[in-house]
1. State whether one or more residues within segment 94-103 are assigned to a helix (DSSP H, G or I), surrounded by fewer than 17 Cβ atoms within 10 Å (Cβ to Cβ), out of contact with any Leu (no Cβ under 6 Å at 6 or more places or on another chain) and not charged (D, E, K, R).
2. Scanning segment 17-28 for residues that are surrounded by 15 or more Cβ atoms within 10 Å (Cβ to Cβ) and without any contact (Cβ under 8 Å) to a residue 60 or more places away in the chain, which turns out farthest from Val155 (Cα to Cα)?
3. If you scan segment 176-196, which residues turn out to be within 19 Å of Ser49 (Cβ to Cβ), surrounded by fewer than 19 Cβ atoms within 10 Å (Cβ to Cβ) and among the hydrophobic types (A, V, I, L, M, F, W, C)?
4. Search segment 46-75 for residues being touching a residue at least 60 places away in the same chain (Cβ under 8 Å) and not small (Gly, Ala, Ser), and hand back the single one that is farthest from Val177 (Cα to Cα).
5. Suppose we filter Ile78, Ile87 for residues that are free of Cβ contacts under 8 Å to residues at least 40 places away in the same chain and either in contact with a Ser or Thr (Cβ under 6 Å, 6 or more places away or on another chain) or not polar (S, T, N, Q) (or both); which single one remains?
6. Just to be sure, is Val8 more than 28 Å from Leu140 (Cα to Cα), at pLDDT 90 or above, over 12 Å from the mean Cα position of the chain (by Cα) and not aromatic (Phe, Trp, Tyr)?
7. Just to be sure before I move on: is Glu50 surrounded by fewer than 22 Cβ atoms within 10 Å (Cβ to Cβ) and within 14 Å of the chain's Cα centre (by Cα) in the structure I sent?
8. Taking the conditions exactly as written (over 20 Å from the mean Cα position of the chain (by Cα), surrounded by 14 or more Cβ atoms within 10 Å (Cβ to Cβ) and assigned to a helix (DSSP H, G or I)), does Ala144 satisfy them or not?
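The values are calculated or read from the model by the stated rules, or taken from the named source; none is laboratory data. Note that this is a predicted model, so its numbers are computed, not measured. Cβ: placed from backbone, ideal geometry, glycine included. Neighbour counts: every protein chain shown.
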Amino acid sequence: MSHEAVAVKKRLNVRYMVQIGMLGGVATLLMLFEIPLWFAPSFYEIDLSEVAVLVGAFAMGPLAGIMIETIKILLNFILNGTVTAGIGEFANLLLGISLVVPAGILYRRKKTKKGAAAGLLVGTLTMTLIGSLVNAFVLLPVYATAFGMPMEALVGMGTAVNPAITGLGTFVLFAVVPFNILKGIVVSIVTLLIYKKLSPILKPYR
């Protein structure tokens, strides 16, 4: 490899990392604006931070998406701390990755609007499935233990906003599942609307 080729590769690597850092910062800012939901307890709120992560994953691949998601969580943790003993941050990281990675992989295979839509659909379904399982068997039990409260108290928070929630199963069905589906739909629509407008700027980093 010539010296010129090496220099070009180094510049591209620097640009790649700068792009990841920039999108991680944008995602962190978007994470500050949370929208409460009418059908779930107050600790389930939607934000648009995954839009920046998806844009990065589409432009630079799923690994870049994972890095942007991780930067977002770390920066938010440093700037705002945690009120969930790190449980909420871990959940956000895990579910963000479960959305972004399938979407990024499928888009790289077919870089069209249909390919992007298919990736976002699969990502949303994956996030919903993983979110349901993890909430039911890991996050909610750990959350209850960490804060010294019975599971019935968490379920009661769901019952207060939705009488159909009467146990852990219905909590997942009527709070966790619609939360993840709605979040996936919202961030997918925004991503589809803005990605092509941003792609000329991001093209040098592919």
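1. No.
2. Ile20
3. Matches in segment 176-196: Ile181, Leu182, Ile185, Val186, Ile189, Val190, Leu192, Leu193, Ile194.
4. Among residues in segment 46-75 that are touching a residue at least 60 places away in the same chain (Cβ under 8 Å) and not small (Gly, Ala, Ser), the one farthest from Val177 (Cα to Cα) is Met60.
5. Answer to the check: Ile78.
6. Values: more than 28 Å from Leu140 (Cα to Cα): yes; at pLDDT 90 or above: no; over 12 Å from the mean Cα position of the chain (by Cα): yes; not aromatic (Phe, Trp, Tyr): yes.
Spelling it out, it is not the case that Val8 is more than 28 Å from Leu140 (Cα to Cα), at pLDDT 90 or above, over 12 Å from the mean Cα position of the chain (by Cα) and not aromatic (Phe, Trp, Tyr).
7. Details: surrounded by fewer than 22 Cβ atoms within 10 Å (Cβ to Cβ): no; within 14 Å of the chain's Cα centre (by Cα): yes.
The answer is no for Glu50.
8. When the stated conditions are applied, Ala144 passes them.
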